[in-house]
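Visitor: Can you read through this structure? Questions will come right after.
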Amino acid sequence: MVFSSLIFTFYFLPVVLLLYYLAKDSYRNYILLAASLCFYAYGEPKFVFIMVFSVALNYGIALLIDRYRSHAKGLMIFDVVLNVGILFFYKYLNFAVSVTNSLFGTGFRALSVTLPIGISFFTFQALSYVIDVYQKTVKVQRNPLYVALYISFFPQLIAGPIVRYHDIEEQITNRYTDAVIFGQGVKRFLLGFCKKVILANNLALVAEDVFGMQFTTVNPLILWLGSICYSLQIYYDFSGYSDMAIGLGKMFGFSFAENFNYPYISRTVTEFWRRWHISLSRWFRDYVYIPLGGSRGTTVENIRNMLVVWLLTGIWHGANFTFIFWGLAYFVLLIFEKYLLKPAERKSCILRILWQIATLLFVNWGWVIFNSPSLKSGLRYCLSMLGVYVHQFTWDAAMQAYLREYGVYLFLGLLFSAPVMRVLEKKIGTTRSASIQNILQPILYGIVFLWAVSFLILGAHNPFIYFNF
């Protein structure tokens, strides 16, 4: 079940909200847990057992760590091995088999393994809970159903944000909501819903069409259009889901951290990763980079730590050399930026502007590799964008047709990738205009929401990219 679907928006969510607010406080967590299990089981019921096993495993080991502190390190290592082992089996085993057969000429057979939706997200959440118990930053939770709710809570279960246990430890048993907070949650959910359905889904039609072409014979301008549409698609797809998750959390009294902060206005590659998928970056920072030594050691040690983090970041996204290359490419860019270019120290305004443009180009090329079926295909696409195979950049009939049909979505996508609305709200923030805004804003949200719903009624294309991770 996806958030941007008619069954979720008009059936599942209203029923859960009704049951939640009619129930006594002592029963509300259990209603959310039951709803979360039903939500996850909607597509593939058998995968619920994998998640339940993950809950039981991490709940039990956290109790053992808390009770037997003298063996805590061994238990922590055991928990990491088991969690990573489960993730490896479902997500990376067949890739490892393929690589082994290619390198050593072996004949191992691939297994028929289906990837459980969102396994990377709920595995990382479970690991963060046990690690926090081990590090004594949180108290062990003795109610297994509360641990189950934390790991399986449906707003952030399938595609994040990755919620840390210490961020919502108190909220599980003591949270507050009122009409204002609930209204903010509804507004945030509608914002994400419209970003996903209106922008991401329509931009996806262009991106998928272009990425399916024989691009060594295609006009390079078409390839640039396809890559830009995909860059915007993945942003509105993932940030839209995060908006919906944060909004749903508010409806039930939970406060989740932000996961995106207008990444395409970044001036450097470092800044881009402070603004993109913030919860994943913080997870790797706190549980991998800092424990390895962070930036405290020598330059060589710091580079080693960054290499480990970015290799793992690439691998986390999928079992393909494209993701590994994508992660390592960011490692190289960040090393160059941090130790050689040092843009923050440059006095030249022109140089800083040029590096901001270069950052956007690198990010765009990175998404091309990310979205390609193979590394060879992705690199050829990038070379084709530069005119290596077709030398003429022509404004042809195909380009005009794409812009005529999808130009409005491209324009809106580019416009709202910057904090335009935030600036406008500040400019009209007077008492008089604010009262007008309070009247007009719900009407505007309602109109745009109905526009988005019309796409779903007509059966529009509606995938979620990050469900694959």
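The values are calculated or read from the model by the stated rules, or taken from the named source; none is laboratory data. Given the structure is predicted, the values throughout are model-derived calculations rather than measurements. No Cβ is skipped: glycine too gets one built from the backbone with ideal geometry, and neighbour counts run over all protein chains shown.
Visitor: If we keep just the residues of the range 139-187 that are in a helix (DSSP H, G or I) and of a type in the set (Asp, Glu), which is surrounded by the fewest Cβ atoms within 10 Å (Cβ to Cβ)?
Guide: By that ranking, first place goes to 170.
Results for (1) under 20 Å from residue 90 (Cβ atoms); (2) in contact with an Asp or Glu (Cβ under 7 Å, 6 or more places away or on another chain); (3) outside the structural domain of residue 83 (by TED's automatic domain parsing); (4) buried (at least 17 other Cβ atoms within 10 Å of the Cβ), shown as yes or no for each residue.
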residue: 10; (1), (2), (3), (4): no, no, no, no
residue: 15; (1), (2), (3), (4): no, no, no, no
residue: 27; (1), (2), (3), (4): no, no, no, no
residue: 40; (1), (2), (3), (4): yes, no, no, yes
residue: 47; (1), (2), (3), (4): yes, no, no, yes
residue: 52; (1), (2), (3), (4): yes, no, no, no
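Visitor: Additional query: Failed condition for residue 222, given (1) assigned to a helix (DSSP H, G or I); (2) free of Cβ contacts under 8 Å to residues at least 60 places away in the same chain, with all others met?
Guide: (2)
Visitor: Does the range 188-198 include one or more residues that are in a helix (DSSP H, G or I), within 23 Å of the chain's Cα centre (by Cα) and surrounded by fewer than 20 Cβ atoms within 10 Å (Cβ to Cβ)? Show your work before the answer.
Guide: Initial filter on the range 188-198 (in a helix (DSSP H, G or I)): 188-198.
Still in the running and within 23 Å of the chain's Cα centre (by Cα): 188-198.
Keeping just the survivors that are surrounded by fewer than 20 Cβ atoms within 10 Å (Cβ to Cβ) gives none.
There is no residue in the range 188-198 that is in a helix (DSSP H, G or I), within 23 Å of the chain's Cα centre (by Cα) and surrounded by fewer than 20 Cβ atoms within 10 Å (Cβ to Cβ).
Visitor: Identify all residues within the range 241-295 that are surrounded by 17 or more Cβ atoms within 10 Å (Cβ to Cβ) and in contact with a Pro (Cβ under 7 Å, 6 or more places away or on another chain); write none if there are none.
Guide: 242, 245, 248, 249, 256, 259, 268, 272, 275, 276, 279 - these are the residues of the range 241-295 that are surrounded by 17 or more Cβ atoms within 10 Å (Cβ to Cβ) and in contact with a Pro (Cβ under 7 Å, 6 or more places away or on another chain).
Visitor: Residue 213 passes all but one of (1) in a helix (DSSP H, G or I); (2) within 24 Å of residue 377 (Cβ to Cβ); (3) of a type outside the set (Gly, Ala, Ser); which number fails?
Guide: Against the list (1) in a helix (DSSP H, G or I); (2) within 24 Å of residue 377 (Cβ to Cβ); (3) of a type outside the set (Gly, Ala, Ser), residue 213 comes up short only on (1).
Visitor: Tell me yes or no: at least one residue of the range 134-146 is touching a helix residue (DSSP H, G or I) at 6+ places or on another chain (Cβ under 8 Å) and over 30 Å from residue 25 (Cβ atoms). Quick ask: steps written out before the conclusion?
Guide: First pass over the range 134-146, keeping only residues touching a helix residue (DSSP H, G or I) at 6+ places or on another chain (Cβ under 8 Å): 134, 137-142, 144-146.
Checking the rest, the ones that are also over 30 Å from residue 25 (Cβ atoms) come to 134.
Yes, the range 134-146 contains a residue that is touching a helix residue (DSSP H, G or I) at 6+ places or on another chain (Cβ under 8 Å) and over 30 Å from residue 25 (Cβ atoms).
Visitor: Scanning for something in contact (Cβ under 8 Å) with a residue 12 or more places away in the chain, in contact with a helix residue (DSSP H, G or I) (Cβ under 6 Å, 6 or more places away or on another chain) and either of a type in the set (S, T, N, Q) or under 28 Å from residue 283 (Cα atoms) (or both), does the range 403-420 turn up at least one residue?
Guide: Yes - at least one qualifying residue is present in the range 403-420.
Visitor: Identify all residues within the range 252-281 that are outside any loop (DSSP other than H, G, I, E, B), of a type in the set (A, V, I, L, M) and under 18 Å from residue 159 (Cβ atoms); write none if there are none.
Guide: 278, 280
Visitor: Just name the residue that is farthest from residue 385 (Cα to Cα) out of those in the range 320-358 that are under 20 Å from the mean Cα position of the chain (by Cα) and among the hydroxyl-bearing types (Ser, Thr, Tyr).
Guide: 330
Visitor: With at pLDDT below 95 and not assigned by TED's automatic domain parsing to the domain that holds residue 361 as the only criterion, which of 163, 218 stands out?
Guide: After applying the criteria, what remains is 163.
Visitor: For residues that are over 30 Å from residue 19 (Cβ atoms) and out of contact with any Phe, Trp or Tyr (no Cβ under 6 Å at 6 or more places or on another chain), tally how many sit in the range 243-274.
Guide: Total satisfying the criteria: 13.
Visitor: Given the conditions (1) buried (at least 22 other Cβ atoms within 10 Å of the Cβ); (2) more than 21 Å from residue 57 (Cβ to Cβ); (3) out of contact with any helix residue (DSSP H, G or I) (no Cβ under 6 Å at 6 or more places or on another chain), and given that residue 121 satisfies all but one, which numbered condition is not satisfied?
Guide: (2)
Every residue, every condition in (1) among the β-branched types (Val, Ile, Thr); (2) in contact (Cβ under 8 Å) with a residue 24 or more places away in the chain, yes or no:
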position	(1), (2)
248	no, yes
256	no, yes
261	no, no
270	yes, yes
305	no, no
346	no, no
360	no, yes
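Visitor: Let me ask you something else. All but one of (1) exposed (fewer than 15 other Cβ atoms within 10 Å of the Cβ); (2) under 17 Å from residue 128 (Cβ atoms) hold for residue 58; which doesn't?
Guide: (1)
Visitor: Among (1) under 20 Å from the mean Cα position of the chain (by Cα); (2) more than 30 Å from residue 35 (Cβ to Cβ), which single condition is residue 239 missing?
Guide: Checking residue 239 against (1) under 20 Å from the mean Cα position of the chain (by Cα); (2) more than 30 Å from residue 35 (Cβ to Cβ), the one that fails is (2).
Visitor: Just checking, how many residues over the range 427-469 are at pLDDT below 70 and of a type outside the set (S, T, N, Q)?
Guide: Qualifying residue count, the range 427-469: 14.
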